[in-house]
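The values are calculated or read from the model by the stated rules, or taken from the named source; none is laboratory data. From a predicted model like this one, the values you see are computed outputs, not experimental measurements. FYI the Cβ positions are ideal-geometry reconstructions off the backbone, even for glycines, and counts take in every protein chain you see. Note: accessible area is taken over every heavy atom of the protein model, side chains too, but ligands, DNA and RNA are not part of it. Shrake-Rupley method; radii C 1.70, N 1.55, O 1.52, S 1.80 Å.
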Amino acid sequence: MTTTPSPPLRILVVEDHAPLRAQIVEVLQAAGWRVEEASDGRLGLQLALEQPPDVLLLDLGLPGLDGLQVCQRLRQQADRHIPVLMLTARDSLADKGQGFAAGADDYLLKPFAGEELLWRCQALSRRGELGRSPLLERGPLQIDRRSAEVRIEGQVLPPLPRQAYRLLLALAEAYPRTLSRSELQHTLWTDEPPESDALRSHLYTLRQALGPAQTLIKTVHSVGLRLDLPA
């Protein structure tokens, strides 16, 4: 059995106040986490449903859809539990009750310390893992997140090198979306990628390990890579 380090958290920040959003993003990225942003409720909901984050940081006072509406629709439409941390200056018991009734997992009052934000995100991400199956299935491909075991049409592959495994897992989790080169580099190296074209090397290693199933990995010219499943 092989093990692999946990990938960096993916956080979606939905906050319409640009200076505050920039501060939050800076704190999260300094922790090595991947961050997406939205400045209104409709876009935030769309992004959360298209590629569920590990944690959603959700402001209450948003244009388009407010935070309560976003949370309610997320709970109705998402196919998995997405941990929601509501960010608000409203500290009354009634306001908190509305947020929890809408489906929030936790509250953080503004202003808040960056350290506390990180602690709460980490705690919520672990809660989210409890509701996620360790087995990821994409057509003939199966990945066991606990053991890093990979199967193709039921056949177990020899253990993949760490970075090749992380590359395959990222593509499988993002399916059917195409991941850009910069997204893939950030997945493999949370800070600065090596100067050489290491991504190409790990992609070659992955394709060799997949053998005939390497056709599952498709290069989208001038865009990036994606998982290509048979119809």
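Each residue of segment 10-66 gets 59 Å³ once the volume of the Cα convex hull is shared out per residue. Projected onto their three principal axes, the Cα atoms of segment 147-231 cover extents of 36, 27, 19 Å, largest first. The residues of the chain present an accessible area of 52 Å² per residue when probed at 1.4 Å with all protein chains retained. What the phi angles of segment 213-223 give under the Karplus curve with 6.51, -1.76 and 1.60, with θ = phi - 60°, is a coupling list of 7, 5, 5, 5, 9, 10, 8, 9, 3, 6, 10 Hz, glycine and proline written as x.
The computed Kirkwood radius over Cα pairs in Å for the structure shown corresponds, within (1) 18.4; (2) 17.2; (3) 18.9, to (3).
Under a model in which nothing but the beta-carbon of Lys, Arg (+1) and Asp, Glu (-1) is charged, the chain shows a dipole of about 660 debye around its Cα centre.
Based on DSSP H segments of at least four residues, each scored -39500 (n - 2.57), the chain has a per-residue ellipticity at 222 nm of -12500 deg cm²/dmol. Taking Cβ atoms as reference points and 11 Å as the exclusive limit, the residues near GLY64 contribute a net charge of -2, counting Lys and Arg as +1 and Asp and Glu as -1. When the Cα gyration tensor is reduced to axis lengths a ≥ b ≥ c, the ratio a/c is 1.5 or higher for segment 21-111, and with a/b not above b/c it is classed as oblate. Element breakdown for the chain at a 1.4 angstrom probe: carbon and sulfur atoms account for 50% of the accessible area.
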